1. Please name whichever of L55, V10, A106 sits farthest to the positive end of the charge dipole of the chain, dipole taken about the Cα centre and charges placed at Cβ: Lys and Arg +1, Asp and Glu -1.
2. Which FRET efficiency value, to the nearest 0.05, do you get for R61 and K92 by plugging their Cβ-Cβ distance into 1/(1 + (r/R0)^6) with R0 = 41 Å?
3. Once the piece of chain linking C127 and R109 is laid out straight, how much longer is it, given 0.36 nm per residue of separation minus the C-alpha distance between them?
4. Looking at the stretch 74-126, I'd like the Rg to Rh ratio, where Rg is from alpha-carbon atoms and Rh is Kirkwood's inverse mean 1/r.
5. What does the charge count around D75 come to, taking other residues whose C-beta lies under 11 Å from its C-beta (Lys +1, Arg +1, Asp -1, Glu -1)?
6. Where the accessible area of the chain is counted over protein heavy atoms with a 1.4 Å probe, how much of it, in %, is carbon and sulfur?
7. Rounded to the nearest whole Å², what accessible area per residue is found for the chain with the 1.4 Å probe?
8. How much of the calculated P(r) for the stretch 1-112 lies past 24 Å, in percent of all Cα pairs?
Amino acid sequence: MDASTGFAWVYQGQATLETDRLLNEVAAGATVIVPALWHLEMANVLLIAQRRHRLTAVQRRAALEKLAAMQFTVDEEGTRQAFGKISELAEKHGLTIYDATYLELALRRSLPLATRDEALKSAAKLCGGKTL
């Protein structure tokens, strides 16, 4: 799961049927695996949303608390792939290193990728990966 999906969970204007369905699955106990950078990226996305007046400080803190209360499995292996597979995927598909990190994780673990990012979805499909 990437940050675009996490943001949709805490900012109603970004929610879709798919992100709501995944949130319900997580609430029911489904396992979500995120790369080590996910928590940092989410904190940054929420801070930027506050700075752009899309969220108030109170809403941002509530979103951080909601996310902190959720149980995620953190994949530590991806950071070791930064200079190899992740960089290759980023270059080949025109992605940021951050987005390629999500793609590499999904491909390595044969997991579907939960993202709202169209370029990332396209890259996953080109690599034979699945998206939610």
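The values are calculated or read from the model by the stated rules, or taken from the named source; none is laboratory data. Treat the numbers as computed from the prediction; the structure is a model and nothing was measured. So basically every Cβ, Gly included, is an ideal-geometry build from the backbone, and we count neighbours across all protein chains shown. Keep in mind that these areas ignore ligands, DNA and RNA; they rest on the heavy atoms of the full protein, side chains included. Shrake-Rupley method; radii C 1.70, N 1.55, O 1.52, S 1.80 Å.
1. L55
2. Once rounded, the FRET efficiency stands at 0.60.
3. 5.2 nm
4. Expressed as Rg/Rh, it is 0.92.
5. With Lys, Arg at +1 and Asp, Glu at -1, the net is 0.
6. Whole-percent figure for carbon plus sulfur exposure: 53.
7. In whole numbers, the chain has 57 Å² accessible per residue.
8. 28
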